[in-house]
Every structure is written in C-alpha cells, then in structure tokens.
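Below is one structure, written out as structure tokens, with a few remarks after it.
The values are calculated or read from the model by the stated rules, or taken from the named source; none is laboratory data. Just so we're clear, the structure is a prediction, and the values are computed from it rather than from any experiment. Using ideal geometry, Cβ is built from the backbone for each residue, glycine included, and neighbour counts are taken over all protein chains shown.
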Amino acid sequence: MLDHDSQKDILDILRNRRLSSVFQPIVDMRSRDFLAVEALTRGPQGSPLHSPAVLFPTAESVGLIRELELSALEGAAMAFRKLNLKAKLFVNISPMSLVSANAVTIARNILARTGLSATNVVLELSEQYQTEDYSALTKSLAAFKQEGFGIAVDDLGAGYAGLKTWSQLHPDFVKIDRHFISGIDEDPIKREFVRSIMTMAQEIKSRVIAEGVETFEEAQVLRELGVRYTQGYLFGRPNAHPRISDNVNRVADRPAMRDRALANRKVIGALAQDFPSIDVHTRLEDVVRLFKTHSSISSLPVLLHHTPTGIISRQQVLEIFSERFGPELHGRKPVAQFMNDQPIVVEFDTPLEDVSYLLTEDVQQDLIQDLIIAQQGRYRGIAKTSALLRAITDQQISSARHANPLTQLPGNVPINERAQSLINEQNEFWVAYCDLNDFKAFNDVYGYALGDKAILLLANLLSEAIDSDIDFVGHIGGDDFILLMRSENTPDLCATICDTFSNQIRQLYDPVALGKKGIWSQDRQGQRSFFPLMSLSIGLVKPELTAGLRADDISTLASMAKKEAKRMPNGGVFISDTRHPGYWRAAG
Ligand code: C2E
Ligand code: CA
Ligand code: CA
C-alpha cells in the first residue's frame, strides 16, 4: 500500500470512529475471578487494517500512531464502562504516545469523558519497541503514575531491555511474553526464565502475569512456579463481552502438591473428564452424530439448563437406531424420551471413598454407568467407574507405602523425592524442621489418644498455614515434621505457626494445668519434675544449592537447625547459617 493511501485509510478510521475493542480476561487464579481485562483494538471488519498487528505499525509509518492510540483508548474506556466489570482495564500504549506533548492531560480528559478513574487503568508498555530516549520515557511514566495510572511492562523477554532495566521504572505488573509460556511444561529453560522473573519481580514488588496460556499442562507448571495471574486462550479469548472459561476451575481444583500427597483426601473431581454435554431437547439423530465424531465417548450427560437430568449411553442409542425404521421413527425425537433419567450425579469435591461407598451400598446400582460430576449442581464432567476403581486401588497402595498412618501426610520417601526435585530444578527453598517440646510428658500424663490429638493438631496447623501450591508438609514420624517451603515470607510464617500452636494446644490441657502453666510428670531419670505446656520449635535453613548437594544433606542441615532451635526455651524459630554440607564435611 502507498503511504498516501495508508494515511487516507487511517484518517478515515479516525474521522468515522471505525475502531472497536475486544477484551481478554487477565485472571487471578486464586480468586478465579478477573484481575483485569486487556483491551485489544480492531480496525474495520474485513479491511487489511483489522488486525492490530497491521493497524498500529501502519499508523506509525504515516505519523498517526498517537492519534490512533488515543482514539483506541477512548473507545476501549467507553466500551469497558458499559461492561460494568469489577476489574481493572489494561490498555496498550507505545512509547511515542507516552512521551508526546501533554500526553497526561489528554489522557485525563479522555477518562473524564468516559467516567473512568486513572486508578482503574493500567498502561501496557511493550518491551518490543526500541527506546532511544530512555530518560524522557522515565519522566513521562512518572507523570502517568502520579496521575494514578498503573504501569505494566508487556511482552517481557521479547525485546531489548530485560527486567533489570525496567525495574528502575517500578512497574506494577510485568507480563511475560507468550514465547516463554508456550510449551513451558516441556522446557526447563523456559521454567528457569519464569522462575528468575518471579524472584526479580518480588524484589521490585511487581506482580507477574503470564501471557498466552493455552494448555492445562502449562497452567499447572505456572501454578507450581507461583504465578498467580494469567492471560490466554485457555482461560478466555478476546471478546466484546469477556468471559472467564470454566477451565480456571479445572486448573485451580486440580489437586495441588499437598493434596496429591494426601492421597486419602483425593476427590472424585480429579477424575472428571471433559465430555461434551447435550440438552434435553437434542434430537436423537444429533446424539448419534456426536457419538460418531467422538469415538472415545461412552455416554453423554443430558442437561436442563446447566443441571444434569439424565444420561444416555452409546449402546442405548445404537440399539434404538438398529431397530427397523429406528432412525425414521425416533431420529427427530428429543433425547429426553430415551435417556436414563436417574443418572448418578456426584459433587466435585466428594472424596473417592464416599463415592465408592455410595455405589456399592446400593445393590440396584448399575456399576457400568458413567458418573456425572457436578459442582454446585452444574455439570462439570464425566468420571468412569473403572477410573474410580483404579484410583482407589492406587491410593490405597501408595498411601500405605508413603504416608504417615496417623496424619496421612507424606513420609520420608516422598519428602526426599520432593527435596531432590527442588535441588534438581535449582529451585531456592527453605527447609523447616518442626519438633514439639515437652510432648513426652504430655503423652505420659494424658495418654496416647490425646497425644495423637496433639500431633494431629500440629499436622492440621502446618497444612493450613502453608501455600499448598508451592509449599510441602511431610511427617517424619512421632512429633517430627518437615516443611519444604517456597513462600517468600517463610521465616515470618514459621514464627506465626509457633505462636498459633501455643494458643491452640491449650485446648488439650485441663484448667489446673493451664493455671499452673504446666504439668508434673517423671523425667527421663525417673525424677518427678515440672514440664511447661507444649511449645513448638522450628529449625529453619535455606540450603545453598551448590553442585553435589543431595536430599540426605537437606535432612542433615535441617536436623542441625532443629538442635539449635531446641535450645531456646518455649520454642520458636531458629534460622541456621550452616547452609551447606561443605562446612561439616570439611570440619569432619
Ligand atoms: P499483545 O499486547 O501482546 O496482546 C496479546 C495478543 O496475544 C492478542 O492478539 C491476543 O489475542 C493474543 N493472545 C492472547 N492469548 C493468547 C493465547 O493463548 N495464544 C495465542 N497464540 N495468542 C494469544 P491481538 O489482539 O491480535 O493483538 C496483537 C498485538 O497488537 C498486541 O499484542 C498489541 O501489541 C497490539 N495491540 C492490540 N491492541 C492495541 C492497542 O490498542 N494499542 C496498541 N498500541 N497496540 C495494540
Ligand atoms: Ca498487551
Ligand atoms: Ca503481550
């Protein structure tokens, strides 16, 4: 296209307001809700300028980028207001527009017209532009910040500067470029990149958004890397009316590390497969067609609105259709007339044991039938009975082998495996060795049943305090627990755990002991002595991830830290600075 024509086209777009905006969700994986939407601009439908990847470079080449971006901003703000979403609005803006004269004032006026506040708007500045005048850009960004706008670095990793440079701007958000997210589950280098961005972002207090998430596997890896905000086709495509896909629940509900280890708490939802569903009005001939195109599907759930009301199996349908004149007689009738209208519907978070009990308790129950999984009554997927049986068997075997029988928490084997994989991934982590003080005296006086209660109380407290997406609790045995922690505030968290324990444990003592702040019992030499109320000691160490470090070393480092912690009266956290076995290997 000639520049002259291009200029005419862009001017036409500007004069006749021929831009439109679509919005893509940026999802908070914890709340499963919108953090924000990103506005993406579209040129006139059917024109070569429809795609923003053509539109904006064209406008730039004819010197109209600023005008076009301001027009896009106004359009996006207006459409966003109409959506009435409780979310922030992210908009793309080029450095050329940012540094142009009176940019802040113009942006302020646009927002005033649309009734949006700057504090709800985040400007995305792409790393892909090469910036010559860095100081002008910094100055201009500071003015926008002053006005209340948020700042995001877009396409991080795709451009020139890298986060080190951007860190001086203190962006509120950094968006990791799609290139590093795509296939991250199969690429250790990409994982390393994201991990280092996470660390750096924590230091400069920016929040990280992963762009271009397309698969469950990518999402799962991001979750384990601690990435909380995501954007991508898996969770929602750009649309005039953005919606978060149900896939968010599927990712968030996938059993996290702790739950996977806590095999006995596995829920039926983990077995749900994403089968298509049909509506009660669907014609039988269309059902046949669905079965033909999806050859792996054995039955289809039938929904009324979103609620499962029936199920129809491949075999049922084929039988009807193989009758003489079956297709002609029944093809156009609604599936509701043929379905099994008493399907087995199970809520997503029902433990596997409960489901198996429910099935076997009722002798009438047809065990071949697929189960419908629902969440708050809405259809979520199908689980096969065979998968249920297999999962129950697996979990019984693995929990017997690996979990502590009292707390069901993972024991030594999984603890070591987890430590080893953190070492292999060169993933910085804390090890916390948790040990009760004066437990033996309590156990002697109150009996082992209450002793078990004290251990369970600690197990629950630990499991609840940690972030199960990234942290790990293991139970070595007795009153000894190990945490493998990646939460950034681990030392504070451990201190809080010690305090909470001191409070909660009081409920297991009688009033007399509480009054005296302890109990009388025999010490190890058989002498009657006074023992204070139980307290928790935590020895904490951040192993130095040097070459040759092994899982055994981790447990030794942790034991050393615990020994120091035990010296402190009334428990508490001790942080060890012996971070590498070299110190004692050299000494011994
Ligand atoms: P961007 O800012 O990186 O926006 C994200 C782009 O990635 C969008 O393409 C979006 O549709 C696409 N995308 C989102 N999730 C996925 C995914 O899971 N997989 C894949 N393959 N792609 C995904 P779109 O809308 O075509 O925009 C392309 C680029 O055009 C944007 O990249 C942005 O740089 C630019 N752009 C869009 N709107 C504006 C605007 O209003 N102003 C300016 N200056 N640039 C804009
Ligand atoms: Ca963007
Ligand atoms: Ca981007």
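Within region 439-456, track down each residue that is surrounded by fewer than 18 Cβ atoms within 10 Å (Cβ to Cβ), in contact with a Leu (Cβ under 9 Å, 6 or more places away or on another chain) and hydrophobic (A, V, I, L, M, F, W, C).
450, 456 - these are the residues of region 439-456 that are surrounded by fewer than 18 Cβ atoms within 10 Å (Cβ to Cβ), in contact with a Leu (Cβ under 9 Å, 6 or more places away or on another chain) and hydrophobic (A, V, I, L, M, F, W, C).
Among what's in region 515-556 and is of a type in the set (A, V, I, L, M) and modelled with pLDDT of 95 or more, pick the residue that is farthest from the chain's Cα centre (by Cα). Explain how you work it out, then say what you get.
Just the residues of region 515-556 that are of a type in the set (A, V, I, L, M), to begin with: 519, 533-534, 536, 538, 540-541, 545, 547, 549, 551, 554.
Within this subset, residues satisfying the condition of being modelled with pLDDT of 95 or more are 519, 533-534, 536, 538, 540-541.
Details: 519: 45, 533: 39, 534: 36, 536: 31, 538: 28, 540: 26, 541: 26 Å.
By that ranking, first place goes to 519.
Exactly one of these conditions fails for residue 214: (1) within 13 Å of ligand 3 (Cβ to nearest atom); (2) in a loop (DSSP other than H, G, I, E, B). Give me its number.
(1)
Inspect all residues belonging to region 123-139 and state whether any of them is away from ligand 1 (no atom under 11 Å from the Cβ), surrounded by fewer than 17 Cβ atoms within 10 Å (Cβ to Cβ) and closer than 29 Å to residue 31 by Cβ.
No, region 123-139 contains no residue that is away from ligand 1 (no atom under 11 Å from the Cβ), surrounded by fewer than 17 Cβ atoms within 10 Å (Cβ to Cβ) and closer than 29 Å to residue 31 by Cβ.
Can you tell me how many residues in region 37-74 are closer than 26 Å to residue 86 by Cα, within 16 Å of ligand 2 (Cβ to nearest atom) and of a type in the set (Gly, Ala, Ser)?
2
Go over the candidates 142, 201, 152, 210 one by one and state the one that is in the same structural domain as residue 245 (by TED's automatic domain parsing) and either without any contact (Cβ under 8 Å) to a residue 12 or more places away in the chain or in contact with a Cys (Cβ under 9 Å, 6 or more places away or on another chain) (or both).
142
Out of (1) among the charged types (D, E, K, R); (2) crowded, with 18+ Cβ neighbours inside 10 Å; (3) more than 10 Å from residue 433 (Cα to Cα), the odd one out for residue 562 is which?
So residue 562 meets the others, but not (3).
Of all residues in region 232-286 being of a type in the set (Asp, Glu) and within 23 Å of residue 466 (Cβ to Cβ), which is modelled with the highest pLDDT?
So, considering only residues that are of a type in the set (Asp, Glu) and within 23 Å of residue 466 (Cβ to Cβ), the one modelled with the highest pLDDT is 253.
Does residue 469 satisfy being assigned by TED's automatic domain parsing to the domain that holds residue 448 and touching a Gly at 6+ places or on another chain (Cβ under 9 Å)?
Yes; evaluated as a whole, the condition is true for this residue.
For residue 519, only one of the following conditions fails: (1) in a helix (DSSP H, G or I); (2) out of contact with any Asp or Glu (no Cβ under 6 Å at 6 or more places or on another chain). What is its number?
With (1) in a helix (DSSP H, G or I); (2) out of contact with any Asp or Glu (no Cβ under 6 Å at 6 or more places or on another chain) applied to residue 519, the lone miss is (1).
Just to be sure I understand, how many residues within region 145-189 are at positive phi, within 13 Å of ligand 2 (Cβ to nearest atom) and in a loop (DSSP other than H, G, I, E, B)? Reasoning before the result, please.
Of region 145-189, the ones at positive phi are 148, 155, 157, 162, 170, 183.
Checking the rest, the ones that are also within 13 Å of ligand 2 (Cβ to nearest atom) come to 155.
Narrowing further to those that are in a loop (DSSP other than H, G, I, E, B): none.
Total satisfying the criteria: 0.
Results for (1) surrounded by fewer than 21 Cβ atoms within 10 Å (Cβ to Cβ); (2) among the small types (Gly, Ala, Ser); (3) touching a Phe, Trp or Tyr at 6+ places or on another chain (Cβ under 9 Å), shown as yes or no for each residue.
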site	(1), (2), (3)
144	no, no, no
158	yes, yes, yes
164	yes, no, no
176	no, no, yes
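Give me the residue from region 120-150 that is among the hydrophobic types (A, V, I, L, M, F, W, C) and more than 16 Å from ligand 3 (Cβ to nearest atom) and, out of that set, farthest from the chain's Cα centre (by Cα).
136
Could we say that residue 193 is more than 12 Å from ligand 1 (Cβ to nearest atom), within 24 Å of residue 121 (Cα to Cα), touching a strand residue (DSSP E or B) at 6+ places or on another chain (Cβ under 9 Å) and at pLDDT 85 or above here?
Criteria not met by residue 193.
Is region 112-124 home to any residue that is within 16 Å of ligand 2 (Cβ to nearest atom) and among the acidic types (Asp, Glu)?
Within region 112-124 (the criterion being within 16 Å of ligand 2 (Cβ to nearest atom) and among the acidic types (Asp, Glu)), the answer is yes, since at least one residue qualifies.
From the list 329, 303, 371, 352, exactly one residue is over 31 Å from the mean Cα position of the chain (by Cα) and of a type in the set (A, V, I, L, M). Which is it?
Numbers: 303 fails: over 31 Å from the mean Cα position of the chain (by Cα); 371 fails: over 31 Å from the mean Cα position of the chain (by Cα); 352 fails: over 31 Å from the mean Cα position of the chain (by Cα).
Result of the check over 329, 303, 371, 352: 329.
Under 8 Å between Cβ atoms, which residue pairs at least 6 apart in sequence (or on different chains) link something in region 523-539 that is polar (S, T, N, Q) with a partner that is assigned to a loop (DSSP other than H, G, I, E, B)?
So the pair list comes out as 529/523; 535/438; 535/570; 535/571; 537/568; 537/571.
Within region 82-116, restricting attention to residues that are polar (S, T, N, Q) and away from ligand 3 (no atom under 16 Å from the Cβ), which residue is surrounded by the most Cβ atoms within 10 Å (Cβ to Cβ)?
Looking at the filtered set, the residue picked out is 97.
Hey, among the residues in region 156-182 that are under 21 Å from the mean Cα position of the chain (by Cα) and within 12 Å of ligand 1 (Cβ to nearest atom), which one's farthest from residue 212 (Cα to Cα)?
Per the stated criteria, the residue is 156.
Can you give me the number of residues within region 122-159 that are in contact with a helix residue (DSSP H, G or I) (Cβ under 7 Å, 6 or more places away or on another chain) and either of a type in the set (Ser, Thr, Tyr) or under 20 Å from residue 37 (Cα atoms) (or both)?
So the count comes out to 11.
Only one of (1) touching an Asp or Glu at 6+ places or on another chain (Cβ under 9 Å); (2) in a helix (DSSP H, G or I); (3) within 21 Å of residue 572 (Cβ to Cβ); (4) of a type outside the set (Phe, Trp, Tyr) fails for residue 451. Which number is that?
Unmet for residue 451, out of (1) touching an Asp or Glu at 6+ places or on another chain (Cβ under 9 Å); (2) in a helix (DSSP H, G or I); (3) within 21 Å of residue 572 (Cβ to Cβ); (4) of a type outside the set (Phe, Trp, Tyr): (3).
If I filter region 20-33 down to residues being among the hydrophobic types (A, V, I, L, M, F, W, C) and within 16 Å of ligand 2 (Cβ to nearest atom), which single residue comes out as surrounded by the fewest Cβ atoms within 10 Å (Cβ to Cβ)?
Per the stated criteria, the residue is 22.
Pairs needed: first member in region 65-94, touching a residue at least 12 places away in the same chain (Cβ under 8 Å) and assigned by TED's automatic domain parsing to the domain that holds residue 175; second member anywhere, within 16 Å of ligand 3 (Cβ to nearest atom) and in a helix (DSSP H, G or I); C-beta distance under 6 Å; at least 6 residues apart or different chains.
The qualifying pairs are 91/76; 93/69.
Tell me which residues, restricted to region 317-359, are among the aliphatic types (A, V, I, L, M) and assigned to a strand (DSSP E or B).
345, 346
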